[in-house]
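For reference, the structure discussed in these notes is given below.
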Amino acid sequence: MAASRKVAAFRLPPLPTIGEIIKLFKLRALKQLSQNFLLDLKLANKIVRSAGSLKNAYVCEVGPGPGAITRPILNAGVAELLLIEKDPRFIPGLQMLSEAAPGRVRIVHGDILTYKLDTAFPEHLQKKWEDDPPDIHIIGNLPFSVSTPLIIKWLENVSERSGPFSYGRTQMTLTFQKEVGERLTASTGSRQRSRLSVMSQYLCTVDNCFTIPGRAFVPKPEVDVTIIHFTPLVQPKIQQPFKLVEKVVQSVFQFRRKYCNQGVRLLFPEAERLKKAEQMLMLADVDPILRPTQLSMFHFKNLCDVYRKMCDEDPKLFAYNYREELREKKYRKKSSLKRTEDDSVL
């Protein structure tokens, strides 16, 4: 692990362009991996500036690909840059960048969904949660197929103060397709308000930095791309376990165009569904005919707090899954029909 050090002004030496790197190593974006290359270095610089000051910081770049964002990160004067790349085709080009910035780059050939970031940085960088964020940043031009499961994983890490957030309130600057970015930042009452809005905003300050048109990427995706910056909150707006909050929020948004009482009912077994849902909404002081998009963070806090009390009173409740009950109901019905048919044959 690199020792703490002040970094002198640094600029990368002249290097082949990103386009030349792609040709040199015969790289092509793979559709099955949702890969799109950013060739415009001005836009890459703008993404890096959205992360804030990176001077003397430790940065993890997720999925650097041919290295378009990697270059301005290094030129920002970072102490160390950790590159995590799943696709082995990009490793030789990244090694070229590493050689151009001696002692500043670590390359890991691995999957960010399974890579352990809780030991990726020096221990001296750790800060108390209530302090300013540590000098650690996560930056990434994420493949669309990975972006949502990855941010959900990291939000759970935020709630547990684990993974990259074991060092403190580590900041993230990530790309998402525009529609997902709008959901992450959507306010109460807006059409884009969704499960992602609540799950991200109860734990983080979430800022929409800017949008990049799809034509800036090769190959051109069918959608535009939005840069989102996350800073974990000192105090989450809902102080309940992540899995509980996720279950309540998912249930409420299951029927996003209907009244919220429809989704709340899914939290309870069919035999007591109507009664328990009515009780939960009354105790949480939530109007049952509000739409899910109209519920404020305070509404969700109350719903989660009440649901937690109900789970404490009935330990089996949290494990209840309405889909499993539905499957069992369909199976029993199918088995009953088969027995009826067999009896008629006899």
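The values are calculated or read from the model by the stated rules, or taken from the named source; none is laboratory data. A quick note: this is a predicted structure, and the numbers were derived from the prediction, not measured. Note: ideal-geometry Cβ built from the backbone for every residue, glycine included; neighbour counts use all protein chains shown. The protein model used for the area step is the full one, side chains on, heavy atoms only, and it has no ligands, DNA or RNA in it. Shrake-Rupley method; radii C 1.70, N 1.55, O 1.52, S 1.80 Å.
When the stretch 70-99 is examined, which residues are found to be within 19 Å of residue 54 (Cα to Cα) and in a helix (DSSP H, G or I)?
Quick first cut of the stretch 70-99, residues within 19 Å of residue 54 (Cα to Cα) only: 70-84, 97-98.
Within the stretch 70-99, 70, 71, 72, 73, 74, 75, 97, 98 qualify.
Considering only the stretch 287-294, I want to know if a residue exists there that is β-branched (Val, Ile, Thr) and open to solvent by less than 10 Å² (accessible area, probe 1.4 Å). Let's see the steps before the verdict.
First, the residues of the stretch 287-294 that are β-branched (Val, Ile, Thr): 289, 293.
This time we only want the ones that are open to solvent by less than 10 Å² (accessible area, probe 1.4 Å), so: none.
No, there is no match, as no residue in the stretch 287-294 is β-branched (Val, Ile, Thr) and open to solvent by less than 10 Å² (accessible area, probe 1.4 Å).
Could you tell me which residue of the stretch 110-131 is farthest from residue 37 (Cα to Cα), considering only residues that are outside any loop (DSSP other than H, G, I, E, B) and touching a residue at least 24 places away in the same chain (Cβ under 8 Å)?
Ranking the qualifying residues of the stretch 110-131, first place goes to 124.
Just to be sure I understand, how many residues within the stretch 291-305 are assigned to a helix (DSSP H, G or I) and of a type in the set (D, E, K, R)? Spell out the reasoning first.
Of the residues in the stretch 291-305, the ones assigned to a helix (DSSP H, G or I) are 292-294, 297-305.
Adding the requirement that they be of a type in the set (D, E, K, R) leaves 301, 305.
Of the residues in that region, 2 qualify.
Residue check, residue 103 against (1) in a loop (DSSP other than H, G, I, E, B); (2) on the phi < 0 side of the Ramachandran plot, all met but one. Which one?
Going through (1) in a loop (DSSP other than H, G, I, E, B); (2) on the phi < 0 side of the Ramachandran plot one by one, residue 103 breaks only (2).
Exactly one condition in (1) under 27 Å from residue 133 (Cα atoms); (2) open to solvent by 40 Å² or more (accessible area, probe 1.4 Å); (3) in a loop (DSSP other than H, G, I, E, B) is not met by residue 238; state its number.
It is condition (2) that residue 238 fails.
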